[in-house]
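Q: Quick one: the structure is below, questions incoming.
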Amino acid sequence: INNVGISTMSKSSMRRFNKKLSKRGGYQLTSNSFEFNLVNRKAWKSGLIAACKQEGIIPIARNPLGDGLASGVWTATNPTGGEVSKEQPFDFKTLEKYTTLHDVLANVQKTVKERLDKQNRELTDRRNRFNAPEINTDISTSQIAINYVVAKGCVPVPTIKNPKDADEIIGCLGWGLTDSEVKLLDNAADMSDKGQIV
């Protein structure tokens, strides 16, 4: 074994552990796995993600959809996620707190869809000549949330329970968020963290 991965280790502990590993004969800390998503950005705010990058350690984001709260599946206006018989996993107060984030997620989703539709139209000739696939333009808020995690420099590890979930994850490939889209999501997440509803 030459490479080691860790889970939920703080920035300072990770750095100390990495030094100990390298002193023991060239072992290398390869990854640090922790929760990171639009409703839990502690790893970003604490500098853990930046420290991983500085040390050459792959930051792995568990639960990138925040159990559905970070993806807009459950919102104050849709507390059951669209399934009438389903229990509400979050109380209304929690859902209301993230109203601004959910609204911005929906707006970014529309913006990304329009941008990718335009790119697909512009690249039709080239794609036809090289038999290349089209970029997914059926964008969901879950895909926006996952690509947010990617934009922050992490490898997202979402839970996949069925083929529909797998297709949704595959739909994240081939496109990303712009800096301005990431900034919009950061600002909305900051407002939601403070309980500000716009």
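The values are calculated or read from the model by the stated rules, or taken from the named source; none is laboratory data. This one's a predicted model, so the numbers in the text were calculated from it and none came from an experiment. Don't worry about glycine lacking a Cβ; one is built from the backbone with ideal geometry, like all the others, and counts go over all protein chains shown. Ligands, DNA and RNA are excluded from the accessible area calculation, which covers all protein heavy atoms including side chains. Shrake-Rupley method; radii C 1.70, N 1.55, O 1.52, S 1.80 Å.
Q: Collect the residues in region 1-14 that are in contact with a Leu (Cβ under 9 Å, 6 or more places away or on another chain) and assigned to a helix (DSSP H, G or I), keeping them in residue-number order.
A: K11, M14
Q: Can you tell me how many residues within region 1-26 are surrounded by 12 or more Cβ atoms within 10 Å (Cβ to Cβ) and in contact with a strand residue (DSSP E or B) (Cβ under 6 Å, 6 or more places away or on another chain)?
A: 8
Residue by residue, here is whether (1) among the small types (G, A, S); (2) under 12 Å from the mean Cα position of the chain (by Cα); (3) buried (at least 20 other Cβ atoms within 10 Å of the Cβ); (4) modelled with pLDDT of 95 or more holds:
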{"residue": "R129", "(1), (2), (3), (4)": "no, no, no, no"}
{"residue": "I135", "(1), (2), (3), (4)": "no, no, no, no"}
{"residue": "I146", "(1), (2), (3), (4)": "no, yes, yes, yes"}
{"residue": "C154", "(1), (2), (3), (4)": "no, yes, yes, yes"}
{"residue": "L173", "(1), (2), (3), (4)": "no, no, no, no"}
{"residue": "T178", "(1), (2), (3), (4)": "no, no, no, yes"}
{"residue": "Q196", "(1), (2), (3), (4)": "no, no, no, no"}
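Q: What number of residues within region 51-85 are touching a residue at least 60 places away in the same chain (Cβ under 8 Å) and farther than 24 Å from M14 by Cβ?
A: The qualifying residues number 4.
Q: What are the residues in region 156-171 that are more than 21 Å from P133 (Cα to Cα) and under 16 Å from the mean Cα position of the chain (by Cα), if any?
A: Listed by number, the residues that qualify are P156, V157, P158, T159, I160.
Q: With the condition kept exactly as written, say whether any residue in region 46-61 is under 17 Å from the mean Cα position of the chain (by Cα), open to solvent by less than 40 Å² (accessible area, probe 1.4 Å) and within 16 Å of C172 (Cα to Cα).
A: yes
Q: Could you count how many residues in region 1-23 are within 19 Å of I49 (Cβ to Cβ) and of a type in the set (S, T, N, Q)?
A: Total meeting the criteria: 6.
Q: Oh, and also: Of the residues that sit in region 66-83 and are of a type in the set (G, A, S) and out of contact with any Gly (no Cβ under 9 Å at 6 or more places or on another chain), which one is most open to solvent (accessible area, probe 1.4 Å)?
A: The extreme case among them is G82.
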